[in-house]
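One structure is given below, encoded as structure tokens.
Please treat every number below as a calculation from the coordinates, not as lab data. What you are looking at is a predicted structure, and each value in this text was computed from that prediction instead of being measured. No Cβ is skipped: glycine too gets one built from the backbone with ideal geometry, and neighbour counts run over all protein chains shown.
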Amino acid sequence: RRAMARGPRASIVCRNEVADDFAAPVVSKPPRQRQFLHDVLSSIIFMKHLTRKELDVLTDAMSEASFRPGDVVVRQGDEGDMFYIVEEGVCEITVADVGKVME
């Protein structure tokens, strides 16, 4: 078995294979929140190429999560399984051996 080094990914491979019976989740949200999420998603560099319909699918699938001050939302080195957008409040970003890099 080959050991994998930790660090930035050199590339990410994404396949366009979707099961025939796949149905994207639809989470109800107020129009103002839908517009906010759509605006943020469409401003992200790696999502700028998406069509309005594709952005709508992403916006529909997003759900709200709340955190308390001091909660750890994502820990460096953990595998990512969620995509977060901060709608309200402040989030502190720290990097191991560096400390706080952004708020």
Protection-proxy order for peptides 33-46, 76-89, 57-70, each taking the mean of Cβ atoms within 10 Å per residue, highest first
33-46, 57-70, 76-89
Report Rg (one decimal) and Dmax (nearest whole number) for segment 19-59, counting Cα atoms only, units Å.
11.3, 32
Per residue, what volume in Å³ does the convex hull of the Cα atoms of segment 15-103 enclose?
150 Å³
